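Rule-based calculations on the coordinates, nothing more; no lab input. Keep in mind that what you see is a predicted model, and the values were worked out from it rather than measured. Cβ atoms come from the backbone with ideal geometry, glycine included; neighbour counts cover every protein chain shown.
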Amino acid sequence: MNAEKNSATPDAPLSATYALRKRLPDNRLGDVLFSLGMVARVPYFGTILPVVTEMEPGYCQVTAPKWFGVHNHIGTFHAIAACNLAETAMGMLMEASVPTTHRWLPKGMTSQYLAKAETRLTAHAEFAEPIELATLTAGTDVVVSIRIVDTEGTEVVHCDITTWVTPKPSA
């Protein structure tokens, strides 16, 4: 993915979350260690057993296995568990993208359930439109688009999450 579009300014300090990810190895071990730390900080994410496999300004990818804890009554990946996966990917995208001079907060989500989710899922989060976050001087709605695909690459769920991004107040 193109990390340069839709990102914080290159010289802006990294969020503590993103700085931690950058310090860990760029391999499966680093992915798992980071994901365990993320779940310790945001325990509800743990219900889907997520693994952050890519995280950079403007893009995040998170996988979640299909296990009995995410099953619905017909044995497929539950729609709300898929929404939890979308929110996980959005949150890590924002942590990698929003400069430390700003803050963000989820504001709303729309979701479309497009097909049965019968395998593990992968969420791909990106900004819906290009935006230079570091230049925001007032509160702004920023939409993150999340494509959730099965192991065949079929989009089974699509979510758009609106976040509210504002400059941090001066101390």
Measuring from label point to label point, each 7 Å out along Cα→Cβ, what is the Thr100 to Glu129 span in nm? 3.1
What residue among Val70, Val157, Val42 has the largest mean-square fluctuation in a Gaussian network model of the chain, using Cα springs under 10 Å? Val42
Want the number for Trp67 to Thr162: 0.36 nm per residue separation, take away the alpha-carbon distance, what's left? 31.3 nm
Using the alpha-carbon atoms, what tilt in degrees (0 to 90, nearest 10) does helix 28-41 show relative to the longest principal axis of the chain? 80
Taking amide H positions as placed in the peptide plane 1.01 Å from N, state which residues far from Ala128 in sequence (5 or more) or on other chains have amide H under 5 Å from it. Val143, Val144, Ser145
Which length gain, in nm to one decimal place, applies between Thr119 and Ala138 when the Cα-Cα distance is subtracted from 0.36 nm times their residue separation? 2.7 nm
Each residue of region 85-99 in turn: what ³J(HN,Hα) in whole Hz from Karplus with 6.51, -1.76, 1.60 and θ = phi - 60°, glycine and Pro shown as x? 4, 4, 5, 4, 5, 4, x, 6, 4, 5, 4, 7, 9, 7, x
Search the structure for amide H atoms under 5 Å from the amide H of His102, placed 1.01 Å from N in the peptide plane, and list their residues when 5 or more places away or on another chain. Lys168
What ranking of Ser97, Ser35, Ser111 emerges when the number of other C-beta atoms within 10 Å of each C-beta is taken as an exposure proxy, fewest first? Ser111, Ser35, Ser97
